[in-house]
Amino acid sequence: MALDDELRRLIAEGSHHAAATRAFEVFGPELYGFLVHTMGNESDAAEVFSEVGENVWSALPKFGFRCSARTWLYVLTRHAAARFRRSPWNHRGRRAGESQISDAIDRVRTATAPWLRTDIKDRFRALRDELDPDDRELLVLRVDRDLSWDDVARVMLACGLARGAVGMLQRARLRLLQATRTSPGNVAMPV
C-alpha cells in the first residue's frame, strides 16, 4: 500500500508529526465514524478519538508495520474504546489539547459529524444499538470499514480475545444476518 510506504519513510526520517498527521488525514474520518457507531454517542466518541490521537503520536515511532497502518490504527482505537468503557470517569474532559496532531483530530471530528446525523444513519444506528458492543464493533469493522475477516480477527485478537476468534466471528456474522432479517422495517444491511 502506498500510504504504508509513505508512513514508513516518514517514520524512518524521524518525521513523526508528519506521519501521524497523514495517518489521521487518511484514516481519521473512518476511525471517528467507527467510534460514533460503537460508542453510541458523539461525546464519548470524541473523548476516545482524542485519546487515540495521543496514542498514535506516542506509539508511532515503535510501529513495526507487522500489519497495515489501517489495521494498527483500528487496534489502537479499540484499545482506547475498551479503556474508556472500563473507567469512563477517568477519561471525562480529557482532550488532545496540546498534542501536536490536535488540529488534525479536530478537523476530522467536525468534518465527519454532519453525515453521521442523517435520518438513514439514525435508523441504522438504532439497529446497531440493539447489538452488544463486541457485535457492534464486528459489524462496523467488517461491513462499514470493509476490513477482511483476517484483519478483523487481528484487531479483535489484539484486544485480548481468545484464539477461537474466527469461530466467534462466524457466529457473530450469523447473528447479524438473523438480526437484519427480523428487524422492524426489514432494512437490508450487507454482511
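Under the convention that each Lys and Arg Cβ holds +1 and each Asp and Glu Cβ holds -1, the size of the dipole of the range 1-56 around its Cα centre is about 200 debye. Modelled spin labels at residue 5 and residue 41, positioned 7 Å past Cα toward Cβ, are 4.6 nm from each other. Of the peptides 31-38, 43-50, 15-22, the ranking by mean beta-carbon count within 10 Å, highest at the top, reads 31-38, 43-50, 15-22. Site pair residue 143 and residue 158 shows an inter-label distance of 2.4 nm when each label is modelled 7 Å from Cα along Cα→Cβ.
Readers should treat all values here as calculations from the given coordinates under stated rules, not as data from a laboratory. Given the structure is predicted, the values throughout are model-derived calculations rather than measurements. For neighbour counting, all protein chains shown are included, and Cβ atoms are generated from backbone atoms with ideal geometry for every residue, glycine included.
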